[in-house]
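Since the structure comes first, as structure tokens, the remarks are kept for the end.
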Amino acid sequence: MFGWSKPRRPKVVAFDAIGTMFPLGPMRPSLIMLGLPSTGLETWYATAVHDALALTACGDFKPFTAVMEGALDQVLGEQGLAPPRAARRALLAQFKHLPARPDARDALRLMLRAGMRPILLTNGSEAGTWSLLQQSGLDELVERVVSVEDIEMFKPRPEVYAYAASQCRVRLKRMALVAVHSWDINGAKATGCIGAYVSAERPFASTMRKPDIEAPSLLAAASALVAL
């Protein structure tokens, strides 16, 4: 579904990494084993994003892995849980082995066949994201990984999207962001990028800037971008 005006086909397509290219769902059973409810995964991630944005708002920065670890302490404490350190470490180690979405390969190949340049734009680290891509066999399909660690600001700060566009030598209006997070699409749209929202987990937040594309999957979002 397109927004108010149909944009031009982007030259660069930036896929969000955490949650979008690599969903966090595989971590849910481990969180439940620590004693959290089934919704604990969403609470944990939302807490981490909240803390990341609070750091950025104050001009501070910590790697997202550290932010996630701190958020885990918070959500466990709220439930009165104190699992063994080994169990916590095992959970956090899963970040290094998250599988890609099943349609990620087809989505990336479609971009390349259309002459578009797929990249990953992540709140995580560049090295960690490349490792996930390599484990999923997707590394040869991605032009580059752009990490917020380069400028020490978390998405959705406008500077992050502008930095990614500058690294790719493309104007912001010719770059698209694909994400499952409404706040990420809102940041991209506010900066002048094309926004492609993947509604695989939840509907788009009505308070955010309307995406140019809404699609149920990565492949459907890629198809809609190619059709521009």
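The values are calculated or read from the model by the stated rules, or taken from the named source; none is laboratory data. The shown structure was predicted, so the numbers you read here are calculated from the model rather than taken from an experiment. Using ideal geometry, Cβ is built from the backbone for each residue, glycine included, and neighbour counts are taken over all protein chains shown.
Some points to look at:
- Lone unmet requirement of (1) over 20 Å from residue 123 (Cβ atoms); (2) at pLDDT 95 or above; (3) of a type in the set (A, V, I, L, M, F, W, C) for residue 58: (1)
- Within the range 161-180, residues that are within 12 Å of residue 212 (Cβ to Cβ) and surrounded by fewer than 23 Cβ atoms within 10 Å (Cβ to Cβ) reach partners that are at pLDDT below 95 and not aliphatic (A, V, I, L, M) with beta carbons closer than 8 Å, at six or more positions or on different chains, in the pairs 173/7; 173/8.
- Any pair with Cβ under 8 angstrom, 6 or more apart, that starts in the range 26-37 at a residue that is surrounded by 16 or more Cβ atoms within 10 Å (Cβ to Cβ) and ends at one that is among the β-branched types (Val, Ile, Thr) and assigned to a helix (DSSP H, G or I): 36/43; 36/75
- Condition check for residue 226 on (1) surrounded by fewer than 20 Cβ atoms within 10 Å (Cβ to Cβ); (2) under 19 Å from residue 107 (Cβ atoms); (3) touching a strand residue (DSSP E or B) at 6+ places or on another chain (Cβ under 8 Å): one failure, at (3).
- Taking the range 200-228 as the range and being in a loop (DSSP other than H, G, I, E, B) and over 19 Å from residue 7 (Cβ atoms) as the test, the residues that pass are 200, 201, 202, 203, 205, 206, 207, 216, 217.
- Residues (among the small types (Gly, Ala, Ser) and farther than 24 Å from residue 219 by Cβ) located in the range 9-47: 30, 35, 38, 40, 46
- Those helices (runs of 4 or more DSSP H) of the range 1-90 in which 3 or more residues are of a type in the set (Val, Ile, Thr) occupy 40-57, 64-78.
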